[in-house]
Amino acid sequence: MQTVQAAPTDRAADRATDQPTISVRGLWKIFGPAEAKIAGSPLLELTNAEFRLRTGSTIAVRDVSFDVRPGEVFVVMGLSGSGKSTLVRCMTRLIEPSLGEVLLDGEDIRAADIQRLRELRRRRFSMVFQHFGLLPHRRVIDNVAFGLELRGEPREERHARARQMCELVGLTTHMDSYPDQLSGGQQQRVGLARALAVDPEVMFFDEPFSALDPLIRRDMQNEVIRLHDEVGKTMVFITHDLAEALKLGDHIVIMRDGRIVQSGRPEELVGAPADDYVADFVQDVAKANVLTLRWVMRDARPDDALDGPVFPPTTIIRNAVHAATSTEKPLRIVEDGHIVGVVDRRQILESIAGAEAHE
């Protein structure tokens, strides 16, 4: 099996007490004639199949709530038909939600009029989709600067910003090219640069790499990680691919039939799946590449030698292998200056053996 590398789990740890950038509260999306009269209806308690039979309408998103923290890569994952793409479109009001709230720094996006919504899209958040949506008759630099042009910024200033973004995503030598002269991966880089050019607070990605071949897709995932590390944007990323979710996500929610079935950090989903559906998703994951030392540590015993190597509990198990195999002493797991547990060499080796059995 392909090795899955989890996103570093401490990227979000220091932000745990921050106020959320985005709060979604009780969000519903219903397609069909029932939408106009559904608020407070007992019909909402029906299953999706029963609701469709009774009303001729479809529940695409069902009572979804979550918070996205500042600077977090928040991944929404699910199979086709799970509601994930409808959800992100509701969050940006490309599709109007039926019920609920979407708050951006406390401002209810659903209450925004057309002028305010346009302002939010131009200045506060940007979107990157699977289909690049590039303007074929414009050069790369003009495509990247397009959002700034819509904001009315002078040509010289927007081109200067566009050049910076092209350099950031590795398109320096392609600024004067046209989209049809670029590969798929290069076109998606243009989309990334265009989204970054407006300096948004939040970036939304709706399966942006699904159409790319595996090698280019991996490169683009690495590019998103690099860009996140450099510019620190809050990102909401939609995908159907578990490996992609685990690689990118600080926090992941898994959707099924419009609902969230589990929400948590990558290691929480892999180490403690909420139900059989999630367990099926993660059963082939190489757990040593995802789980942290917190998941395998034990309490220290009186006979433990407590002078072994020190690691934080957020360390991915595989990253502690060299230290564990270089000493007979247990690893000391230290948090806030205190030993919170130890990890034996045997525990590390068992975890690695389980991971290699899945690869």
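The values are calculated or read from the model by the stated rules, or taken from the named source; none is laboratory data. Quick caveat: nothing in here was measured; it's all calculated off a predicted structure. FYI the Cβ positions are ideal-geometry reconstructions off the backbone, even for glycines, and counts take in every protein chain you see. For the accessible areas, the whole protein counts, side chains as well, though only heavy atoms, and no ligand, DNA or RNA atoms are used. Shrake-Rupley method; radii C 1.70, N 1.55, O 1.52, S 1.80 Å.
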Item to check | Heavy atoms of F66: accessible area, 1.4 Å probe, square angstrom to 10 | outcome: 10
Checklist outcome for this item: The set of residues whose placed amide H lies less than 5 Å from the amide H of I252, leaving out same-chain residues fewer than 5 positions away, is V75, G264, R265
Next on the checklist: Nearest 10 degrees is fine. How inclined is helix 114-123 to the longest principal axis of the chain, computing both from alpha carbons?
Outcome noted: 50
Checklist entry - Given the convex hull over the Cα atoms of region 161-277, what projected area results after averaging over all orientations, in nm²? => result 8.3
Next on the checklist: With angles folded into 0 to 90 degrees, how steeply does helix 345-358 sit against the dominant principal axis of the chain? Use alpha carbons for both and round to 10.
Outcome noted: 50
Checklist outcome for this item: Most fluctuating of I141, I339, I254 in the GNM of the chain (C-alpha, under 10 Å) is I339
Checklist entry - ³J(HN,Hα) across region 195-205 via Karplus (A = 6.51, B = -1.76, C = 1.60, θ = phi - 60°), whole Hz, x for Gly/Pro? => result 5, 6, 4, 7, 6, x, 6, 10, 10, 9, 10
Next on the checklist: Between 0 and 90 degrees, rounded to the nearest ten: what's the tilt of helix 214-231 against the longest Cα principal axis of the chain?
Outcome noted: 90
Checklist outcome for this item: With -39,500 (n - 2.57) per DSSP H segment of 4 or more residues and division by the full residue count of the chain, the 222 nm estimate, nearest 500 deg cm²/dmol, is -9500 deg cm²/dmol
Checklist entry - Taking springs between alpha-carbon atoms closer than 10 angstrom, which of T173, T92, T58 fluctuates most in the Gaussian network model of the chain? => result T173
Checklist entry - Given the convex hull over the Cα atoms of the chain, what projected area results after averaging over all orientations, in nm²? => result 21.4
Next on the checklist: Can you give me the long-range amide H partners of G308? Hydrogens built in the peptide plane at 1.01 Å from N, cutoff under 5 Å, separation of 5 or more residues or another chain.
Outcome noted: R332
Checklist outcome for this item: A correct Karplus calculation of ³J(HN,Hα) over region 232-247, with 6.51 cos²θ - 1.76 cosθ + 1.60, θ = phi - 60°, whole Hz and x for Gly and Pro, returns x, 6, 6, 10, 10, 10, 9, 7, 9, 9, 5, 4, 5, 4, 5, 6
Item to check | Dipole of the chain, positive end: most advanced residue of F132, T314, T292 [Cβ charges, Cα centre] | outcome: F132
Checklist outcome for this item: Output for region 94-125: trypsin sites (Lys or Arg not before Pro) sitting in coil per DSSP, at most 13 other Cβ within 10 Å, listed by number, reads none
Checklist outcome for this item: The answer for V128, listing residues at least 5 apart or on another chain whose modeled amide H is closer than 5 Å to its amide H, is F204, F205, D206
Checklist entry - With every protein chain in place, what's the accessible area of K29 (1.4 Å probe, Å², nearest 10)? => result 10
Item to check | Close Lys-Lys pairs in the chain, where close means Cα under 22 Å and separation is 8 or more or interchain | outcome: 6
Item to check | Positive-end residue, the chain charge dipole about Cα centroid, Cβ charges, pick of T327, S98, I252 | outcome: S98
Item to check | Listed peptides 176-182, 146-152, 198-204 by packing density, highest first (mean Cβ within 10 Å) | outcome: 198-204, 146-152, 176-182
Checklist entry - Can you pull the percent of the chain's accessible area that's carbon plus sulfur, 1.4 Å probe, other chains left in place? => result 48
Checklist entry - If you plug each phi of region 273-288 into the Karplus form 6.51 cos²θ - 1.76 cosθ + 1.60 with θ = phi - 60°, what whole-Hz ³J(HN,Hα) values come out, in order, with x for Gly and Pro? => result x, 6, 7, 5, 4, 5, 4, 5, 4, 9, 4, 9, 6, 6, 5, 5
Checklist entry - Per residue, what accessible area does the chain have, given a 1.4 Å probe and all protein chains present, in Å²? => result 46
Checklist entry - What is the distance in Å between the Cα centres of region 274-292 and region 122-170? => result 39
